[in-house]
Every structure is written in C-alpha cells, then in structure tokens.
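Just so it is clear, none of the values below were taken in a lab; they were calculated from the coordinates. Predicted model, so just to flag it, every value in this text is computed and none were measured. Ideal geometry is used to build each Cβ from the backbone, glycine not excepted, and the neighbour counts take in all protein chains shown.
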Amino acid sequence: MFNRTGVLLLIAVATGFCTGCVDRRFVVRTNVPGAQIYRDGTALGPAPVDARYDYTGYYEFRAVAPGYEPLVERVKFKPKWYDYPGLDLIAEVLWPVRIEDVRTVNLTLVPAKPVQTDLLIQQADSLRARGLSLPPSSIPPDPPTFQPPK
C-alpha cells in the first residue's frame, strides 16, 4: 500500500505535529504596583510584568518607583533538566508536549528616607570650603583654541 518513501514521509509529518518546545518566561512582581521594571538595563514596563528569556544564568533586575528607594537585585535562573546540552535537543525537538517554564521574581521596595535639607546644606558648605583650601593645580591650562579670522 505505502512504499518506503511514503512511510518515511508519513513519519516525518507525524513527528512534526508531535514535537513540543520549551516556553521560558519570567514574571516580576513588586510590593509597589506600577513600579518601573528593568532587566539588564532594558525597560520592561510597569509591575507586574512578564517577558521571555532564552538562557539560564544571572539577570539584573531594577525597580524604580516615586517615593521609594531604587532597588537593584541580581537573580540567578538555575537550569532545569531541559536546559543542559543534549537534553535541550530532546526537550526542544523530540519531546511530545510543550514545556512551560515560568520563573517568578519578587522585588520589595522600601520607602525613601526624607532628605534633611539642613544636613545636606551643611555637607555642601563643608565640601565647598575644602575645595577652596586645596592648592592650585599643577596641570597647565589648555592651550588656546585656534579661532579662524573673520
């Protein structure tokens, strides 16, 4: 009924429909809804936010919100069985079902401390006085720049 080529084609088509994949995502939550979230310097949006990632390892997350101290946290996504060389091929190509890997990152922001303006002005005056008491610089000034005649 089927020749050898037909059977191989049927197996290839059936295998194509049965293959799974690994969907890698992370979700970042904070105690401050709407805090701006960054991953490795790239803005992701307001919390809670989710995005895809391709590789396990370290990622740097930063959360910023008005009235709160900025928070930077380095998080490691540890590899699972399907992230190791060799096994990743099986999980991505041959595994018959889809694997969903969702990592959760919880960031806790703390309220910003109010600035004590009297102390800040006192520290600024102290630095200004210290700068004025420094000896003159031993570096010669820059030579004058060439000005073309008008």
Karplus couplings for segment 97-108 from phi (6.51 cos²θ - 1.76 cosθ + 1.60, θ = phi - 60°), rounded to Hz, Gly and Pro as x?
10, 7, 9, 10, 10, 10, 9, 10, 10, 9, 10, 10
What is the sum of charges around residue 60, taking Lys and Arg as +1, Asp and Glu as -1, for the other residues whose C-beta is under 10 Å from the C-beta of residue 60?
+1
For segment 24-150, just run the numbers: alpha carbon Rg, then divide by 2.2 N^0.38 Å, N being how many residues it has.
1.85
Given 30-39, 69-78, 44-53, the highest-first ranking by average Cβ count within 10 Å works out to 30-39, 44-53, 69-78
Points 7 angstrom from Cα along the Cβ direction at residue 120 and residue 42: gap in nanometres?
3.5
